[in-house]
Amino acid sequence: MRTVLLAWLMMTMGSALAADLPVDNVGKTLTLPQPYPAHWVWVQDIAFEHMLDGKMILVDPRAATLREQFKGMFNSSNIAAFAQSATRPEVYVAETFYERGNRGARTDVVTVYDKPNLRPIAEIPLTGNKRASVMPGRHALALSGDESLLMAYFFTPATSVGVMDVAKRTLVNEVTLPGCAQVYPTGKRGFSSLCANGSMVSFQLDAAGKVASTHVIERFFDVDQDALFEKPVIVNGMGYFPTFTGNMQEINLSGEYAVLGARWNLVPETERQQNWRPGGAMLTSADDAGRLYLIMHPDGKEGTHKDGGPEVWVFDVVKQTRLQRITLKTWGVSIEATRGPDPLLLVTNADMNIDVYEAKTGKHQRTLAHFGQETPIIMHAVR
Amino acid sequence: MITNWLDALTERMTRGVAQRTSRRGFLGSMGATLIGGAAFPLLPVARADAAEGQPSPPTQDPGDPTTCDYWRNCSIDGYLCSCCGGTMNSCPPGTDMAPVTWIGTCRNPGDGKDYIISYNDCCGKTSCGACFCNRNERDRPIYRPGTANDYNWCVGTKSIAYHCTVTLILGVATKSP
């Protein structure tokens, strides 16, 4: 009995002596560091099973725990298109809403979010509601080189590009495309688009967003025999467009209009005999050092161009040579390299989780899973 | 080992237990799970012929429309309406069929002919969620819309909300692809 009493006294005294936890404040919300660390990444989840409710999740792929990995998110509705400013603390999401969820009056809009708070700070109405609803890439919404204009791909199914004045937050023009698609920023204030007949058209715009000049590269590839993927990597103004059968087409986008560059072979003869080909949902990326990454699969044939693959090949685009083959831990679907001097290679894998590799060594570091993602089929390294 | 992410995605979306070794193996099991291995209209004909000891003549439209390897699905990307309250050529109740589409050219193993298939999306409700299927034969990037299955083809409908896809025969291809 004396022992029990002593223990009770010690417990009571101990709790009395310990400091109370401080009272928490109501209403506290965090903000994010500016600029974001270079290795952070936006994961775009299109929510394929309920597209109304897509989301953009900002993650730190270097962090070891979910608590440190998940930095914040915002919504992106109906297979949205995404773009980031490098000169303003804001990002842009072209999305579609209905007044009653999936029905009622339609509103297409570019929502402007601020980077520190991930809050919508402005909207640019896309009058006419022509925004393309298409599996996301990196070139359905793009800023001009000088970041004065924002350009959105429209599809009704007639194709055109909506031009917005970023500062004024208004749609200022619509450029009709002659059977072409996508928005590849070109020069100071223009864009180029690939066309159905294997040609490319370029427009340079004036400060008001009106067409100042037009230029066409006549048919330079065969869409049936060896189509260009519409998902290039653009490194220092040079667009690198892989083809279905394993070639690379360079297109210089740094000037007033697109200029056709070199075409080179991505697949050495040995692997060509095994029908190694590029493929995937978002199969290309590049790091700040200009190393280009490409998802590859063996036994390629007609119809395998979206299958993904078991390897990522790394290329030196200046020397036009392969530097490295990275064998993936799990079959890869989409990739993105992070910014900065020690890039990570992120791979959306077949399980819809994200594998993180050290890009220079190909060593698998961790898998990002259970962070609220369902179909995260494209990633965007922060700018 | 997962050798095709589309299979994996299909598995995720159907929440099924499946073989992971191949698209055909997986989808075969998925079809059995979903419909209990039910026979399809032309299959009894083939059985009758087989019973007479004759080689099975080509059936006219063979296969199971609720499986990804059904011949009309050679360039489809989405949910099969046959699993969503519709059929291979009719939209489920309360959805609207999009009037504009992408097309594929698929070989019918029943008669050996290549058919032009129109993939019309059924629209106005959220994703069906059953029987996801993505095959990309002769699919091309979105700069050639008429053969691009990456678009949400709920175009020209009241709502762009995508529900599922039907496979309509437009005719026999006059020239093999």
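The values are calculated or read from the model by the stated rules, or taken from the named source; none is laboratory data. The structure displayed is predicted, hence computed values, not measured ones. Positions of Cβ are backbone-derived with ideal geometry, glycine not excepted, and every protein chain shown enters the neighbour counts.
For segment A:124-144, enumerate the residues that are more than 10 Å from chain B (Cβ to nearest Cβ), within 20 Å of the chain's Cα centre (by Cα) and in a strand (DSSP E or B).
Result: A:141, A:142, A:143.
Of all residues in segment A:310-353, which are of a type in the set (Lys, Arg), in a loop (DSSP other than H, G, I, E, B) and more than 12 Å from residue A:291 (Cβ to Cβ)?
A:339
Among the residues of segment B:92-109, which ones are assigned to a loop (DSSP other than H, G, I, E, B) and either within 23 Å of residue B:139 (Cα to Cα) or among the polar types (S, T, N, Q) (or both)?
We begin by selecting, within segment B:92-109, every residue assigned to a loop (DSSP other than H, G, I, E, B); these are B:92-95, B:98-101, B:108-109.
Correct list: B:95, B:98, B:99, B:100, B:101, B:108, B:109.
Just the residues that are part of a strand (DSSP E or B) and either within 9 Å of chain A (Cβ to nearest Cβ) or buried (at least 22 other Cβ atoms within 10 Å of the Cβ) (or both), please, taken from segment B:163-177. Show your work before the answer.
Keep residues of segment B:163-177 that are part of a strand (DSSP E or B), which gives B:163-172.
Once the filter is applied, which keeps residues that are part of a strand (DSSP E or B) and either within 9 Å of chain A (Cβ to nearest Cβ) or buried (at least 22 other Cβ atoms within 10 Å of the Cβ) (or both), segment B:163-177 yields B:163, B:164, B:165, B:166, B:167.
Kindly check whether there is at least one residue in segment A:48-59 that is under 21 Å from residue A:355 (Cα atoms), over 15 Å from the mean Cα position of the chain (by Cα) and within 14 Å of another protein chain (Cβ to nearest Cβ).
yes
Which residues, counting only those in segment B:73-126, are within 11 Å of chain A (Cβ to nearest Cβ), more than 16 Å from residue B:156 (Cα to Cα), of a type in the set (Ser, Thr, Tyr) and crowded, with 21+ Cβ neighbours inside 10 Å?
Scanning segment B:73-126 gives B:75, B:79.
Of all residues in segment A:141-200, which are farther than 24 Å from residue A:89 by Cα and free of Cβ contacts under 8 Å to residues at least 12 places away in the same chain?
Within segment A:141-200, A:157 is the sole residue that qualifies.
Output the residue which, of all residues in segment A:40-59 that are of a type in the set (Asp, Glu) and not in a loop (DSSP other than H, G, I, E, B), is farthest from residue A:134 (Cα to Cα).
A:53
For segment B:142-153, how many residues meet the condition of being assigned to a loop (DSSP other than H, G, I, E, B), at the interface with chain A (Cβ under 7 Å from one of its Cβ atoms) and touching a strand residue (DSSP E or B) at 6+ places or on another chain (Cβ under 7 Å)?
Qualifying residue count for the region: 4.
Condition first: closer than 23 Å to residue A:114 by Cβ, more than 23 Å from the chain's Cα centre (by Cα) and of a type outside the set (A, V, I, L, M, F, W, C). Now tell me which residues in segment A:152-185 satisfy that.
Passing the criteria: A:168, A:170.
Considering only residues that are under 16 Å from residue A:108 (Cα atoms) and crowded, with 22+ Cβ neighbours inside 10 Å, which ones fall in segment A:160-185?
The answer is A:161, A:162, A:163, A:164.
Counting only residues that are within 10 Å of chain B (Cβ to nearest Cβ) and touching a residue at least 24 places away in the same chain (Cβ under 8 Å), which one in segment A:300-311 is farthest from the chain's Cα centre (by Cα)?
A:301
Can you confirm whether residue B:133 is under 14 Å from residue A:306 (Cβ atoms) and more than 9 Å from chain A (Cβ to nearest Cβ)?
Answer is yes for this residue.
Residue B:160 fails exactly one of the following numbered conditions: (1) surrounded by 24 or more Cβ atoms within 10 Å (Cβ to Cβ); (2) of a type in the set (Val, Ile, Thr); (3) more than 10 Å from chain A (Cβ to nearest Cβ). What is the number of that condition?
(3)
Just one of (1) part of a loop (DSSP other than H, G, I, E, B); (2) out of contact with any helix residue (DSSP H, G or I) (no Cβ under 8 Å at 6 or more places or on another chain) trips up residue B:128, so point out which.
(2)
Got a sec? Which of B:156, B:171, B:129 is modelled with pLDDT under 95 and of a type in the set (Gly, Ala, Ser)?
Exactly one of B:156, B:171, B:129 is modelled with pLDDT under 95 and of a type in the set (Gly, Ala, Ser), namely B:156.
Quick one: which strands (runs of 3 or more DSSP E) sit completely within segment A:145-243 and have at least 1 residues that are within 14 Å of another protein chain (Cβ to nearest Cβ)? Write out each step before concluding.
Working: elements: A:149-155, A:159-165, A:170-176, A:180-186, A:190-195, A:200-205, A:211-217, A:233-235, A:238-242.
Counting at least 1 such residues, we get A:149-155, A:159-165, A:180-186, A:190-195, A:200-205, A:211-217, A:238-242.
What are the residues in segment A:354-383 that are in contact with a Pro (Cβ under 6 Å, 6 or more places away or on another chain), more than 14 Å from every other protein chain (Cβ to nearest Cβ) and part of a strand (DSSP E or B), if any? Write out each step before concluding.
Going residue by residue through segment A:354-383, those that are in contact with a Pro (Cβ under 6 Å, 6 or more places away or on another chain) are A:356, A:359, A:378.
Subset that is more than 14 Å from every other protein chain (Cβ to nearest Cβ): A:356, A:359.
Correct list: A:356 only.
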